[in-house]
1. Mind telling me which of P227, P322, P63 comes out most flexible in a GNM of the chain, alpha-carbon contacts under 10 Å?
2. Can you pull the Rg over Rh of segment 90-152, Cα-only, Kirkwood?
3. Taking every Cα atom in segment 96-227, find the radius of gyration and the maximum pairwise distance Dmax, and write them in Å.
4. For a protection proxy built on the mean count of beta-carbon atoms within 10 angstrom, sort 229-240, 344-355 highest first, please.
5. For segment 57-102, what value does the Rg/Rh ratio take when both radii are computed over Cα atoms and Rh is the Kirkwood radius, given to two decimals?
6. Hey, what angle do you get for helix 203-219 against the long axis of the chain, alpha-carbon based, 0 to 90 degrees rounded to 10?
7. Over all pairs of distinct alpha carbons, what does the Kirkwood formula give as the hydrodynamic radius of segment 210-314, in Å?
8. What GluC sites (Glu not before Pro) in segment 352-390 are in a loop by DSSP, with at most 16 other Cβ atoms within 10 Å of the Cβ?
Amino acid sequence: MNEEYDVIVLGTGLTECILSGIMSVNGKKVLHMDQNPYYGGESASITPLEDLYKRFKLPGPPPASMGRGRDWNVDLIPKFLMANGQLVKMLLYTEVTRYLDFKVIEGSFVYKGGKIYKVPSTEAEALASSLMGLFEKRRFRKFLVYIANFDEKDTRTFEGIDPKKTTMRDVYKKFDLGQDVIDFTGHALALYRTDDYLDQPCCETINRIKLYSESLARYGKSPYLYPLYGLGELPQGFARLSAIYGGTYMLNKPIEEIIVQNGKVIGVKSEGEIARCKQLICDPSYVKDRVEKVGQVIRVICVLSHPIKNTNDANSCQIIIPQNQVNRKSDIYVCMISSAHNVAAQGKYIAIVSTTVETKEPEKEIRPALELLEPIEQKFVSISDLLVPKDLGTESQIFISRTYDATTHFETTCDDIKNIYKRMTGSEFDFEEMKRKKNDIYGED
């Protein structure tokens with residue numbers, strides 16, 4: 001370990017593992033350490049089930065009704081992958097896909113007036129949906145056709161809208177869409193957590209709806225994918241990529257000190273040894289004095305013995321509860337997966353509820369979601385701080401990732417990865433940089 005590295009990475013969360021993969025592919029000498037004995041940091045999948053009970057300090061072992069402990073891989077942070085999103089692109093470019101198997105999530109649902117409805121994902125579904133009246137459906141169809149044809153580079157597709165100036169509120173007005181349709185478009189298609197987007201220029205929202213429909217077009221049932229054996233497989237896949245390109249990995253390494261000289265990082269001390277480096281990437285748990293709290297997220301892992309009501313017995317789904325429906329500022333999400341994904345014992349389902357904390361009583365805030373899941377066999381509640389770096393790291397060369405937010409997909413995580421990459425290298429992130437080198441000496445069969 002007493003060596004000089006280009007980059008040292010602390011923590012094996014997804015952000016850290018993707019960055020160490022990219023740096024290794026680009027010829028950097030990387031040392032990757034984690035103080036935990038497992039991969040994944042905050043975004044780990046916990047197995048066996050006994051470990052989850054211990055982690056949440058529940059008394060005694062899991063009851064026999066839970067089946068075999070080792071059949072469980074429970075994500076601490078619930079997220080799905082957008083089929084046409086940035087993370088899938090990163091997986092494809094790096095060929096990490098060869099280490100993973102994915103399944104399509106069976107449906108996306110939206111909450112309205114205490115009930116859940118399938119998010120219409122095709123024209124036929126939109127026309128049959130009980131979310132909207134007949135005239136509303138026609139207007140919504142027109143709006144979707146407009147979005148599908150919209151091209152930032154071709155002003156003929158704008159139809160009088162200026163993507164950089166016209167607000168999304170005005171776009172909805174142009175198509176005469178009612179409040180319910182606006183709610184589910186903004187929250188279940190564009191996947192915004194709050195309504196702040198309404199007064200922003202519409203370009204970002206239009207692109208988000210395009211991402212949703214392009215992701216949906218890939219597999220048909222929903223725009224979301226999920227890896228078999230849980231999300232903990234993702235950081236491990238990128239860790240393998242880094243190792244193929246000479247990256248060194250050490251788990252269970254207590255980090256005693258990050259050594260800074262004249263304001264700049266020069267190394268990391270662990271178990272009395274010092275590894276030197278030019279740059280450091282880490283998650284907030286390693287540098288508590290360099291991050292600040294900007295909010296909290298509550299997540300409740302619920303074990304069920306039944307599919308969620310009104311989801312056509314789906315073995316996986318997402319439910320979005322738009323904030324307007326429950327008098328909140330931010331949406332509540334439910335991600336549900338099951339034994340079909342090799343993450344739970346036969347006949348069991350895992351539903352994870354999450355939202356941004358807004359009051360002193362976070363558990364009350366998520367009640368509407370928990371009511372949809374009754375009866376719940378076991379709950380595991382966590383409240384996590386949202387931490388962000390206090391500075392960009394350009395002076396200290398310490399680049400800190402953000403903690404995972406309440407969104408149910410990885411787009412914001414990928415934005416953070418691209419942002420750290422730019423701060424470290426000074427150049428814009430380019431997916432081409434992630435491609436495996438054809439003549440790499442660490443080739444695999």
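The values are calculated or read from the model by the stated rules, or taken from the named source; none is laboratory data. Because the structure is a prediction, the values reported are computed rather than measured. Cβ coordinates were reconstructed from backbone atoms using ideal geometry, including for glycine residues, and neighbour counts include every protein chain displayed. In case anyone asks, the SASA skips ligands and DNA or RNA and just uses the protein heavy atoms, side chains included. Shrake-Rupley method; radii C 1.70, N 1.55, O 1.52, S 1.80 Å.
1. Sorting by GNM fluctuation, first place goes to P63.
2. Radius of gyration over Kirkwood radius for segment 90-152 works out to 1.15.
3. 15.4, 48
4. Descending mean neighbour count gives 229-240, 344-355.
5. Using Cα coordinates only, the ratio equals 1.18.
6. Relative to the chain, helix 203-219 is tipped by roughly 90 degrees.
7. 19.0 Å
8. Here the GluC sites (Glu not before Pro) that fit, given the DSSP loop and packing criteria, are E358, E377.
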